[in-house]
Amino acid sequence: MVDSNQGNMEMLDLTVIVPNYNTCELLRQCMTSIFENTHDIRYEVVCIDDNSSDGSADMIAKSFPSVRLVRNSQGQLYAKNNNLGLKMSTARYACLLNSDTVLIGNAFKSLIDFMDSHPEAAACGQIG
C-alpha cells in the first residue's frame, strides 16, 4: 500500500489542493484529517498560502513537511490559487478542498473509486 508519492514512480491518483488565507488552526485540522483518513491511494497535497499573517505557512512547513507548500508573497485570491494548484498537479485527478474541511472515513478513496468506475464523468462533488 502506498499512501503518498514518496518512493513510488507510478502516477499519483489524486492531488489535493488546499488554498489558504489566515486559517491556521482550521488548516491544521484539515491537514490532520487528510493524513489520518486517506488510505490505499497514491496522493499528494498542495497548499497554496495566500500571504497569510497568522503563521499558516510556517505551520504547514513544520508540521506537514510532505505537503507541497507555495507561499504567495502577494494575495492572489481563491480562484488564482486553485488554478495554480491545478497546474502543479501530477495526479490523474485533482480535488479542490477548502481549508475548513475535515475528512471523515476514507473519502478520497471513495472519490477515486467513483471516478474510475464512471469514465463518462468529468467531475464530481459532495454537498453537505
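Annotations for the structure displayed:
- As a summary of the residue check, ASN83 satisfies the conditions (1) part of a strand (DSSP E or B); (2) open to solvent by 70 Å² or more (accessible area, probe 1.4 Å) except for the one numbered (1).
- The residues of the stretch 99-118 that are in a loop (DSSP other than H, G, I, E, B) and open to solvent by 70 Å² or more (accessible area, probe 1.4 Å), listed by number, are ASP100, VAL102, ILE104.
- Residues satisfying the stated conditions in the stretch 55-78, i.e. open to solvent by 60 Å² or more (accessible area, probe 1.4 Å) and either farther than 17 Å from PHE35 by Cα or of a type outside the set (Lys, Arg) (or both): ASP58, PRO65, ARG71, SER73, GLN74, GLN76, LEU77, TYR78
- The condition (being within 25 Å of ARG92 (Cα to Cα) and either modelled with pLDDT under 95 or of a type in the set (Lys, Arg) (or both)) is satisfied by just one residue among VAL70, VAL2: VAL2.
- Within the stretch 31-44, tally of residues that are surrounded by 15 or more Cβ atoms within 10 Å (Cβ to Cβ) and either outside any helix (DSSP H, G or I) or touching a Pro at 6+ places or on another chain (Cβ under 8 Å) (or both): 5
- Of all residues in the stretch 37-60, those satisfying the criterion of being without any contact (Cβ under 8 Å) to a residue 40 or more places away in the chain and either at positive phi or of a type in the set (Asp, Glu) (or both) are ASP49, ASP50, ASN51, ASP54, GLY55, ASP58.
- Number of the condition not met by ARG28 [criteria: (1) crowded, with 20+ Cβ neighbours inside 10 Å; (2) touching a helix residue (DSSP H, G or I) at 6+ places or on another chain (Cβ under 7 Å)]: (1)
- Among the conditions (1) open to solvent by less than 50 Å² (accessible area, probe 1.4 Å); (2) in contact (Cβ under 8 Å) with a residue 24 or more places away in the chain; (3) not basic (Lys, Arg), ALA121 misses just one, which is (2).
The values are calculated or read from the model by the stated rules, or taken from the named source; none is laboratory data. In this text the structure is predicted, and so the values were computed from the model without any measurement. As a convention, Cβ positions derive from the backbone with ideal geometry for all residues, glycine included, and neighbour counts pool all protein chains shown. Just the protein is used for accessible areas: all its heavy atoms, side chains included, with ligands, DNA and RNA removed. Shrake-Rupley method; radii C 1.70, N 1.55, O 1.52, S 1.80 Å.
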